[in-house]
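The values are calculated or read from the model by the stated rules, or taken from the named source; none is laboratory data. This structure is a prediction, so every number in the text was calculated from the model and none was measured. Cβ placement follows ideal geometry from the backbone for every residue including glycine, while neighbour counts extend to all protein chains displayed.
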Amino acid sequence: MIRRLLAFLLLLSLSTACEKTVVVQPELTCSLSDVILPAGAGATAEFTVTASGKWKISASGTGYSVSPAQGKRGTTRVTLKADDANDAMRLRDLGDLTVCLLADRREESLRVFQQPERSQQTLLMYFPWSGNQNTLTRFFEMNIEDMESVVAQGVLENERVVVFFMPTETQAELFELHAVDGTCRRVLLKRYTDLPDFTTPDGLASILGDVRRAAPAQRYAMTVSCHGMAWLPASQARAGYRAGREKEHWEYENPDGPVTRWFGGSVYQTEIEDLAAGIAQAGMKMEYVLFDACYMATVEVAYALRRAAERLIVSPTEVMGPGFPYTSIGRYMVGRVDYAAVCREFYEFYMTYRYPYGTISVTECAEMEALADVMRRINERFTFDATSANLAALQRMDGYSPVRFFDLGDYVRQLCGDPALLSEFEAQLERTVPSDCRYHTPSFYSSSHGGAYYPVRTYSGITISDPSVSPAVVDFKQATEWWRATH
C-alpha cells in the first residue's frame with residue numbers, strides 16, 4: 001500500500017513539474033496592415049485579431065469608430081464604421097489603430113483609410129512578370145520606388161496611382177501609392193491567390209475591373225512596363241518563326257552591355273489586339289497608355305489601339321533597362337497631363353545617362369483613321385521598290401537584319417512622288433505625332449547581334465513595317481488592321 005502511494009505521489013510530482021514547464025508564447029497578429037473603408041457614411045470594414053491573451057485597441061484620428069476595442073485570447077473579428085461619406089476625390093487618411101497585447105506590451109499598427117466615391121483620374125502602373133527577376137524586375141522595383149518619391153511630394157490632388165506588380169511568375173498584388181506625412185505608403189488593395197490569365201482579353205479585363213472597383217475615377221490612364229516587340233504576333237515569339245530563325249534582341253547575351261526591354265517576357269506574351277479588347281471589355285478607355293517597352297511606336301500598334309486610348313506615349317526603338325525616368329516625369333503624368341514635358345524629361349534624362357540612347361513620341365489615336373486614309377491613297381498610286389539599295393537608304397529604327405521597323409516619314413517621302421499628296425501626308429503626320437513631343441538622342445541602341453549603335457538621320461517619332469523584307473514581318477504584316485486599312 002505504501003509502495004503504491006509513493007508511486008502515485010511520484011507521478012503527481014512529475015505531472016506538476018511538466019505543467020510548470022509549459023510556457024504560452026506571446027502572440028499578436030492582425031489580418032490586415034491597412035483597413036480601407038468604403039466611401040459611404042456608415043460603411044464598414046473588418047479585420048481579425050489573433051492573440052495569446054488580453055488585448056486592447058487605441059485609435060487616433062477621426063471619422064470612424066471601432067468595435068470591439070478590446071478582447072481576449074483567440075481570434076476576434078473587429079469592425080470599423082465610417083462616420084461620414086468621403087466626398088473628396090482621393091483616398092482619405094482617417095488615422096491609426098494600435099492593437100496592444102497587455103501581457104508584454106507587444107503591438108501591431110494599422111492605418112485606416114476611406115475610399116472616395118470617384119476620383120478625377122486613376123493611373124494604373126502595370127508591371128507583369130518580365131521573365132527575369134535579376135534584371136527587369138529589379139528595374140521595375142526601381143520604377144515603383146521612383147514613382148513613390150513623386151507621390152511623397154504631395155503631387156496628387158484628385159488623382160490616384162495604383163500599381164499591379166508581379167514579383168514572380170505566380171505572384172501578384174494590387175496596391176495604391178498614397179502620401180502620408182511626407183512619405184509614400186503602399187496600401188494593399190488585393191493579393192492575387194488565383195492569378196487570371198492576363199495574356200487574354202478576359203484576364204486583362206479582370207485586372208482592369210479590379211482597378212476600377214478599387215479606385216473608381218472619371219478618367220483612367222495606364223503604363224505598361226515590360227518587354228516589347230511592336231505589333232508582331234506573340235504567338236510567333238512563343239513558337240518561333242521557323243527552324244533556325246533569327247534571334248530576338250532579348251536572346252543575345254551581352255553581360256557587359258546595356259539592358260533593354262521588350263513586351264511580354266519569356267513566359268507571358270500579350271497580343272496588342274488582346275490588350276485593346278481587354279480595355280474595351282473593361283469599359284475603361286484610357287486617357288493614355290505609356291509603353292515603357294521597346295518598339296511600341298509603330299503605326300500598326302497605334303491603329304490597333306485607336307479605340308482603346310486617346311494617346312500613346314511610346315518609343316520607336318529599344319528602351320534602355322531603367323525605362324522611363326518617373327522621378328522627373330511622374331508629376332506630369334497625373335492631373336492635367338503635360339505630354340511635351342514627359343517627352344522632354346525623358347530626352348534630357350537619356351542625354352546624360354551612361355548609355356545616352358533614347359527615342360520618344362506621342363501618338364494622337366483619334367488621328368489614326370485620317371492617317372490611314374492618306375496612306376491608302378498613296379499606296380494606290382505608288383509602290384516602293386524594295387531593292388537592297390532603297391532599303392539601305394531608309395532610316396532604320398532597329399538592329400535586326402533584315403530591318404523590321406523603318407521611320408514612317410522617311411519611308412513615305414521616298415515612296416510618294418506627288419508633292420501635293422506628300423504635303424497632305426506631312427500635315428496629317430504632324431497632327432498624329434506632334435513634333436513638340438518628338439525627341440531623340442543622336443543615335444539609338446539595339447541589343448540585337450550582341451549590341452550596336454545606329455545614327456538617327458531623320459525622325460518622325462513613329463515607324464512602319466510595310467517595306468520590310470524580313471521573314472518575321474512578311475509572313476504576318478498583311479494580317480494587321482493597318483495593312484488592311486491602307487492597301
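Please find, among Gly244, Gly203, Gly182, the residue that is modelled with pLDDT under 95, exposed (fewer than 15 other Cβ atoms within 10 Å of the Cβ) and in contact with a helix residue (DSSP H, G or I) (Cβ under 8 Å, 6 or more places away or on another chain). Don't jump to the end; show me each part of the working.
On the way: Gly244 fails: in contact with a helix residue (DSSP H, G or I) (Cβ under 8 Å, 6 or more places away or on another chain); Gly203 fails: exposed (fewer than 15 other Cβ atoms within 10 Å of the Cβ).
Of Gly244, Gly203, Gly182, the one residue that is modelled with pLDDT under 95, exposed (fewer than 15 other Cβ atoms within 10 Å of the Cβ) and in contact with a helix residue (DSSP H, G or I) (Cβ under 8 Å, 6 or more places away or on another chain) is Gly182.
With respect to (1) farther than 21 Å from Tyr339 by Cα; (2) in a helix (DSSP H, G or I); (3) aliphatic (A, V, I, L, M), the lone exception for Val403 is condition (2).
Which residue out of Thr48, Thr16 is modelled with pLDDT under 95 and of a type in the set (S, T, N, Q)? When all the criteria are applied, what remains is Thr16. Summed over region 428-464, residues that are modelled with pLDDT of 95 or more, of a type in the set (Gly, Ala, Ser) and over 17 Å from Ala393 (Cβ atoms) total 3.
Could you tell me whether any residue of region 424-440 is surrounded by fewer than 14 Cβ atoms within 10 Å (Cβ to Cβ) and either outside the structural domain of Tyr347 (by TED's automatic domain parsing) or part of a loop (DSSP other than H, G, I, E, B) (or both)? No, that holds for no residue. The residues of region 354-363 that are surrounded by 15 or more Cβ atoms within 10 Å (Cβ to Cβ) and modelled with pLDDT under 95 amount to a single one, Tyr355.
Please list, ordered by first then second residue, the pairs with beta carbon atoms under 6 Å, 6 or more apart or interchain, first in region 136-153 and touching a residue at least 40 places away in the same chain (Cβ under 8 Å), second part of a helix (DSSP H, G or I) and surrounded by 18 or more Cβ atoms within 10 Å (Cβ to Cβ). Close Cβ pairs (under 6 Å, with a partner that is part of a helix (DSSP H, G or I) and surrounded by 18 or more Cβ atoms within 10 Å (Cβ to Cβ)) amount to Asn143/Tyr326; Asp146/Tyr326; Met147/Tyr326; Met147/Gly330; Val150/Gly330; Val150/Arg331. Residues considered: Pro455, Pro434. Of these, the only one that is without any contact (Cβ under 8 Å) to a residue 60 or more places away in the chain and in contact with a strand residue (DSSP E or B) (Cβ under 8 Å, 6 or more places away or on another chain) is Pro455.
Take region 444-471 and flag every residue that is over 25 Å from Leu415 (Cβ atoms) and either more than 26 Å from the chain's Cα centre (by Cα) or not in a loop (DSSP other than H, G, I, E, B) (or both).
Step one: of region 444-471, the residues over 25 Å from Leu415 (Cβ atoms) are 445, 447-453.
Result: Tyr445, Ser448, His449, Gly450, Gly451, Ala452, Tyr453.
Let me confirm something: among Arg413, Arg457, Arg396, which residue is charged (D, E, K, R) and closer than 14 Å to Glu318 by Cα? Steps first, answer last, please.
Details: Arg413 fails: closer than 14 Å to Glu318 by Cα; Arg457 fails: closer than 14 Å to Glu318 by Cα.
Of Arg413, Arg457, Arg396, the one residue that is charged (D, E, K, R) and closer than 14 Å to Glu318 by Cα is Arg396.
The set of residues from region 364-421 being over 21 Å from Ser443 (Cβ atoms), among the β-branched types (Val, Ile, Thr) and crowded, with 16+ Cβ neighbours inside 10 Å comprises Val374, Ile378, Val412.
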